[in-house]
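Undergrad: Below is the structure I would like to discuss, written out as structure tokens.
Computed from the coordinates by the stated procedures, all read-outs in this text should not be read as laboratory data. Predicted model, so just to flag it, every value in this text is computed and none were measured. Neighbour counts run over all protein chains shown; Cβ positions are idealised from the backbone, glycine included.
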Amino acid sequence: MSDTSSPMSGDMPETETKCGYVALIGAPNAGKSTLVNELVGSKVSIVTHKVQTTRSLIRGIALKDEKQVIFVDTPGIFAPKRRLETAMVNTAWGGAKDADVIGMIVDARKGVTEQIEDILDRLKDIKLPKVLILNKIDLVKRDSLLALAQQLNDRIAFDETFMVSALNGDRTDDLMVYFADHMPKGPWLYPEDMISDLPMRQLAAEITREKVFLRLHQELPYASTVETEKWEQKKDGSVRIEQVIYVERDNQKMIVLGKGGATIKAISTAARKELMELLETKVHLFLFVKVRERWVDDPERYREMGIDFPI
Ligand SMILES: Nc1nc2c(ncn2[C@@H]2O[C@H](COP(=O)(O)OP(=O)(O)OP(=O)(O)O)[C@@H](O)[C@H]2O)c(=O)[nH]1
């Protein structure tokens, strides 16, 4: 994977290639990140069992024959309470409106929840091709799947309905073919081997943030953010990465550090292991925990996460 974030225009004749954007919209935990990872064939977006972990607009880029599909992996759409949450929701819908196709992903086991109702209401006004993706079919009986598909199609005339298991890769090929075929004609916007335009620094921060998320509970993960401050390629091929985990208060810092530094050590070990797999080289990871009060109200932090600051 490349460390550059600048798109390029390909040299291929325009008529032969296609390229466009697919926005995946869904309630938190519906499986958007898992699906993007499955379609792209690599881990580009963090996946956890907790909700609302996806803050940035992270794109996965997939190639199907001569067609390039750029996925906008939107933050989970839910009722916003805090300022950061409002920004996440607005960013998600902004991404959807700029896309060529919208994929509404629904956790088939949960069915039509209040959140799904909200999404349907907002989707109605968007005049773009829409497909319904019923996910997690490995957990649901066929009869209830068909009933759910009918119920949702009664509300919105989806152009197509797919039933998939993002986790097992079941039926995801058909979905990929559909997306690829429905991209507009044009040159590829990214080089062939690029699977994400998220700069490596940010991707590395996402990985550590995922580990913070997995190890800490309750409010804390939502009050923390991770930034990569230094990225140094060593002569021996290894990489030295310095990251800061920002929290809002001193007592949160103590929690992240843990007794005798046990928690931060565990976070660091897990993040380093995954970074080594991703970069295919030795990684020296240095984590620091800093208190930055009210980082949630600081426009700069939003820019780094790739979302618009709410005015
Ligand atoms: N059984 C099963 N589990 C799945 C499937 N797809 C996703 N999951 C699980 O559902 C959980 C949520 O998946 P994510 O991909 O993080 O969901 P998301 O929609 O990106 O979540 P947010 O980041 O909160 O918006 C994870 O534990 C996944 O492993 C599936 O097809 N079958």
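Undergrad: Within a Cβ distance under 15 Å of residue 117, other residues only, what is the Lys/Arg minus Asp/Glu net charge?
TA: Taking every other residue near residue 117 into account, the sum is -2.
Undergrad: Ok, one more. Put a dot 7 Å past each Cα toward the Cβ at residue 276 and residue 292; how far apart are the dots in nm?
TA: 2.9 nm
Undergrad: Order these by the 10 Å Cβ neighbour count, fewest first: 293, 210.
TA: 293, 210
Undergrad: With labels modelled as points extended 7 Å from the Cα through the Cβ direction, what inter-label distance (nm, one decimal) is found for residue 168 paired with residue 229?
TA: 4.7 nm
Undergrad: Order by neighbour count: 206, 229, fewest other Cβ atoms within 10 Å first, most last.
TA: Fewest-to-most ranking of 206, 229: 229, 206.
Undergrad: I would also like to ask the following. Across region 270-284, in residue order, what do the Karplus-derived ³J(HN,Hα) couplings come to in whole Hz, using 6.51 cos²θ - 1.76 cosθ + 1.60 with θ = phi - 60° and x for Gly and Pro?
TA: Per-residue couplings from phi come out as 5, 5, 4, 4, 6, 5, 5, 5, 5, 8, 6, 7, 5, 10, 9 Hz.
Undergrad: Using the beta-carbon distance between residue 151 and residue 181 and R0 = 22 Å, what value does 1/(1 + (r/R0)^6) give for FRET efficiency, to the nearest 0.05?
TA: 0.25
Undergrad: So if each residue of separation counts as 0.36 nm, and I subtract the Cα-Cα distance between residue 66 and residue 143, what length gain in nm does that give?
TA: In short, 24.0 nm is gained.
Undergrad: According to the square roots a ≥ b ≥ c of the eigenvalues of the Cα gyration tensor, what is the shape class of region 138-219, taking rounded for a/c under 1.5, prolate for a/b larger than b/c otherwise, and oblate for the remainder?
TA: Cα axes put region 138-219 in the oblate bin.
Undergrad: Restricting to lysine pairs 8 or more places apart or on different chains, what number in region 144-266 have Cα atoms under 26 Å apart?
TA: For region 144-266, qualifying lysine pairs total 9.
Undergrad: Mind jotting down the three principal axis lengths of region 203-277 based on Cα atoms? Whole angstrom, largest first.
TA: Projected onto its principal axes, the Cα set of region 203-277 covers 40, 19, 19 Å.
Undergrad: Output the peptides 279-289, 143-153, 102-112 sorted from most to least packed, where packing is the average of other Cβ atoms within 10 Å over each peptide's residues.
TA: Top to bottom by mean Cβ count within 10 Å: 102-112, 279-289, 143-153.
Undergrad: Starting from the Cα-Cα distance between residue 122 and residue 109, subtract it from 0.36 nm times their residue separation and give me the gain in nm to one decimal.
TA: Value of the extension gain: 2.5 nm.
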